[in-house]
Amino acid sequence: MSSSATKKIIGIDLGTSNSCVALLEGTEPVVIHNQEGGRTTPSMVSWSGEDDIIVGAPSKRQMVTNPTRTVFGIKRLIGRKFSSPEVQELASSLPYSVVSAKNGDAWVRIDNETHSPQEISAHILSKMRRVAEEYLGDAIDEAIITVPAYFDEVQRQATKDAGTIAGLTVRAIINEPTAAALAHGAHHEHDQRLAVFDFGGGTFDISILAIESGVFEVLSTSGDSQLGGDDFDRVIIDFLADEFQTRNEFDLRTDAVALQRLKEAAERAKIELSSTMTTDVNLPFIAAGSTGPIHLQRQLSRRELESACRHLLDQLGSPCEKALGAAHCRPEDVDQVILVGGMTRMPAVQEKALDIFGKPPSKGVNPDEIVAMGAAIHSGIMGGELQEIILLDVTPLSLGVRVISGKMSVLIPANTTIPARESKIFATIEDNQTFVAIEVYQGEAEMAAQNRRLGRFILGDLPRAPRGQVRVEVSFTLDADGILEVEAVEHSTGREASVTIEAASGLSQDEILRLAGKTRGY
Ligand code: ADP
Ligand code: MG
C-alpha cells in the first residue's frame with residue numbers, strides 16, 4: 001500500500017508480563033488483537049531449534065519444555081548492570097541464564113549466544129508492530145512506548161533503542177501512569193488529583209497526578225519493585241505443593257515439568273477467583289508414586305487465596321503512604337483512584353485500594369489495556385488529531401554530583417517537575433587546584449557510588465589560589481524530554497564547561513543497526 005499522508009503512530013505498553021498495542025481511529029483509541037486472538041501478548045521470547053524465535057502466547061505455551069531458552073520479565077533487566085543488587089537477586093531465581101556483558105550490563109545467555117535485553121525487548125516490540133500492521137494493512141514505523149515512572153535515563157534510552165532495533169522510530173517515551181490518566185479521560189474533566197494504582201505481574205507502582213487546566217503533572221511516584229502477581233502465584237504454588245508433599249511425600253517443586261504445570265494452574269486459579277468464589281485445580285498425572293500415577297485435585301476458595309496472600313496485600317499500603325507524603329496529599333485530597341494492571345481485577349486488591357484512599361476505585365477502563373490506550377491518545381496529541389494537552393512530568397530520581405566525601409550532593413531532587421534548572425556553588429579542596437572533575441549521578445543513595453553514574457567532565461584552567469577560594473557554580477538544566485545539560489562556571493575568570501547527558505543504553509549505534517536486521521517476521 002502507498003504511504004498515506006497521515007502515518008499512524010502506534011502506542012505500545014511494553015509490560016513486564018504482558019504487552020499491548022493500540023492506535024487511534026478517528027479520535028478513539030483502539031486495542032488491537034494479536035494473531036492468537038489475545039488483546040494482550042505475553043512479553044515472552046523463546047529460542048527453539050535452529051535460531052527459531054517465538055514471541056508471545058506460543059512462547060508461554062512451550063515454556064514447560066524449554067525453560068532455559070524462554071525469556072520472561074526482560075523489563076526487569078533492561079538498562080541494568082549485572083552487579084546491581086536487583087539483578088543479582090533476580091538472576092538466581094530465573095530459569096534462564098543472566099550474564100554480565102563486556103560493559104557490565106545484564107544480558108541473557110541462550111545456549112552459546114548472549115543477547116541484550118534491548119534485543120529481546122525488540123522481538124516483543126516487533127511482534128506488536130506486526131500485529132498493528134496486519135490490522136491496518138499498512139507499514140508502521142513510528143511508536144510511542146510507555147515505561148514505569150521510576151525508570152531512569154538509562155532504562156528509558158535502552159527502551160528507545162529496543163524500539164529502534166524493532167525498526168520503529170520512537171516518537172516519545174511516556175510514563176505509564178500518565179498514559180493511564182490520559183486514557184481515563186481525565187483531561188475532559190475539571191481540575192483534580194488522581195492516584196494511579198498499577199499492580200502488574202512483577203511490580204506495584206503508585207503515582208499521584210494533578211490535572212489543572214488541562215495540564216498533567218505527575219506529583220510523585222512510589223512503589224514496590226519486588227511485589228507483583230507472580231508472588232501471588234508462588235504463594236498458591238507453595239500452598240498446593242506443601243499440602244501435596246505432606247500427603248504424598250513428594251515435592252513437586254523439584255520436578256521442572258510438574259512445577260511449570262503447577263505454576264500455570266496457580267495463575268489460572270488466581271484469575272478465576274477474581275470472578276468466582278471457588279475454583280478447581282486439576283492436575284492429573286502430576287507425579288509418579290510407587291503405586292502408580294498421582295493426581296493433584298483440589299478445590300480452592302477465594303477465602304483461602306486471600307488469607308494465604310494477606311501479607312502480600314498488606315504490602316500495598318506503605319508505598320501509597322510514601323507517594324501521598326511526597327505529593328503533600330492526604331488520601332481525601334485524591335479525587336479518583338485509577339486501577340491499572342491485571343492484579344487490580346482481584347477483589348481483595350480493590351478492597352485494599354478502597355481502604356487506603358477511602359473511596360472506591362474507578363473501574364471505567366480495562367486495566368490491562370488502559371496504558372496502551374493512553375499511549376495511542378498521546379500519539380493523537382503528537383499527530384495533531386487531538387487537541388493539545390500539556391504533559392508535565394517529574395524526575396523520578398534525584399540528580400546530583402559527587403563531592404569529596406564520596407557523597408552525592410543533590411541539585412535536582414526526586415519528584416521535581418520538569419523542565420527544571422538548579423545550581424549550586426562548590427569550592428576547590430586543594431591549594432592551587434587547576435581543575436575540577438564534575439561527576440554526575442542519578443539515584444537516592446547517600447553515597448554517589450551506589451547511584452547511577454551518568455557522565456563526567458572537567459573544568460580546567462582554574463586560577464591558582466588557596467583551597468576553598470576558587471568557586472565553581474554547577475547548574476543542571478533538565479528539559480521536558482528528560483535530557484540533562486550540566487554546566488560549570490568559574491566566576492572570576494568566566495571559564496566554563498558543559499556537557500549534555502544523553503544516557504547511553506549500553507549498546508553502540510553499530511550494534512543497534514546490526515540487531516535491527518534480525519527482528520523481523522513473526
Ligand atoms: P505487567 O504490567 O507486569 O505486564 P499486567 O498488568 O499484564 O502486568 O498484569 C499481569 C498480572 O495480572 C499477572 O500476575 C496475572 O496473573 C494477573 N491477572 C490478570 N488477570 C487477572 C485477574 N482477572 N485476576 C487476578 N489477577 C489477574
Ligand atoms: Mg503494566
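The values are calculated or read from the model by the stated rules, or taken from the named source; none is laboratory data. Since the structure is predicted, the reported quantities are computational estimates derived from the model, not experimental observations. Cβ atoms come from the backbone with ideal geometry, glycine included; neighbour counts cover every protein chain shown.
When LYS359, LYS363 are checked against the criterion of being touching a Leu at 6+ places or on another chain (Cβ under 7 Å), surrounded by fewer than 20 Cβ atoms within 10 Å (Cβ to Cβ) and under 23 Å from GLU217 (Cα atoms), LYS363 stands alone in meeting it. Of all the residues in the range 221-238, those that are in a strand (DSSP E or B), of a type in the set (Ser, Thr, Tyr) and surrounded by fewer than 23 Cβ atoms within 10 Å (Cβ to Cβ) number 0.
Is it the case that the range 147-167 has a residue that's of a type in the set (D, E, K, R), within 16 Å of ligand 1 (Cβ to nearest atom) and buried (at least 22 other Cβ atoms within 10 Å of the Cβ)? Within the range 147-167 (the criterion being of a type in the set (D, E, K, R), within 16 Å of ligand 1 (Cβ to nearest atom) and buried (at least 22 other Cβ atoms within 10 Å of the Cβ)), the answer is no, since none of the residues qualifies. Of the residues making up the range 345-373, those that are part of a helix (DSSP H, G or I) and near ligand 2 (Cβ under 10 Å from one of its atoms) number 3. The set of residues in the range 58-72 being in contact (Cβ under 8 Å) with a residue 60 or more places away in the chain and buried (at least 19 other Cβ atoms within 10 Å of the Cβ) consists of MET63 alone.
For the range 15-48, a residue qualifies if it is over 30 Å from THR68 (Cβ atoms), part of a loop (DSSP other than H, G, I, E, B) and not polar (S, T, N, Q), and the qualifying residues are GLY26, ILE32, HIS33. Selection of the range 181-209 for residues being out of contact with any Phe, Trp or Tyr (no Cβ under 8 Å at 6 or more places or on another chain) and more than 16 Å from ligand 2 (Cβ to nearest atom) yields GLY185, HIS188, GLU189, HIS190, ASP191, GLN192, ARG193, LEU194, ILE208. The residues of the range 325-345 that are modelled with pLDDT of 95 or more and within 21 Å of the chain's Cα centre (by Cα), listed by number, are VAL337, ILE338, LEU339, VAL340, GLY341, GLY342, MET343, THR344, ARG345. If the condition is being more than 9 Å from ligand 1 (Cβ to nearest atom) and among the small types (Gly, Ala, Ser), then the range 327-350 contributes ALA327, ALA348.
Within the range 81-91, the residues that satisfy the criterion of being more than 17 Å from the chain's Cα centre (by Cα) and not in a helix (DSSP H, G or I) are PHE82, SER83. The listed residues are SER92, SER97, and the only one of them that is surrounded by fewer than 17 Cβ atoms within 10 Å (Cβ to Cβ), modelled with pLDDT under 95, among the hydroxyl-bearing types (Ser, Thr, Tyr) and under 22 Å from GLN226 (Cα atoms) turns out to be SER92. Looking at this structure, is GLU430 at pLDDT 85 or above, exposed (fewer than 13 other Cβ atoms within 10 Å of the Cβ) and closer than 30 Å to GLY325 by Cα? Considered against the rule, which asks whether it is at pLDDT 85 or above, exposed (fewer than 13 other Cβ atoms within 10 Å of the Cβ) and closer than 30 Å to GLY325 by Cα, GLU430 comes out as no.
From the list GLY38, GLY26, the lone residue that is farther than 27 Å from ALA101 by Cβ, within 16 Å of ligand 1 (Cβ to nearest atom) and small (Gly, Ala, Ser) is GLY38.
In this entry, THR279 is excluded by the filter for residues that are within 20 Å of ASP230 (Cα to Cα) and modelled with pLDDT under 95. Within the range 339-382, the residues that satisfy the criterion of being more than 28 Å from ARG303 (Cβ to Cβ) and among the β-branched types (Val, Ile, Thr) are VAL365, ILE370, VAL371, ILE377, ILE381. Looking at the range 250-343, the helices (runs of 4 or more DSSP H) lying wholly inside it that each contain 2 or more residues that are surrounded by 15 or more Cβ atoms within 10 Å (Cβ to Cβ) and without any contact (Cβ under 8 Å) to a residue 60 or more places away in the chain sit at 256-272, 302-308.
For ILE237, all conditions in the list (1) more than 16 Å from ligand 2 (Cβ to nearest atom); (2) in contact (Cβ under 8 Å) with a residue 60 or more places away in the chain hold save one; what is the number of the exception? Unmet condition: (2).
Number of residues in the range 63-80 that are closer than 19 Å to ALA122 by Cα and not in a loop (DSSP other than H, G, I, E, B) equals 7. Looking at (1) closer than 30 Å to MET128 by Cα; (2) surrounded by 18 or more Cβ atoms within 10 Å (Cβ to Cβ); (3) of a type outside the set (Asp, Glu), which one does MET382 not meet, given that it meets all the others? With respect to (1) closer than 30 Å to MET128 by Cα; (2) surrounded by 18 or more Cβ atoms within 10 Å (Cβ to Cβ); (3) of a type outside the set (Asp, Glu), MET382 is out only on (2).
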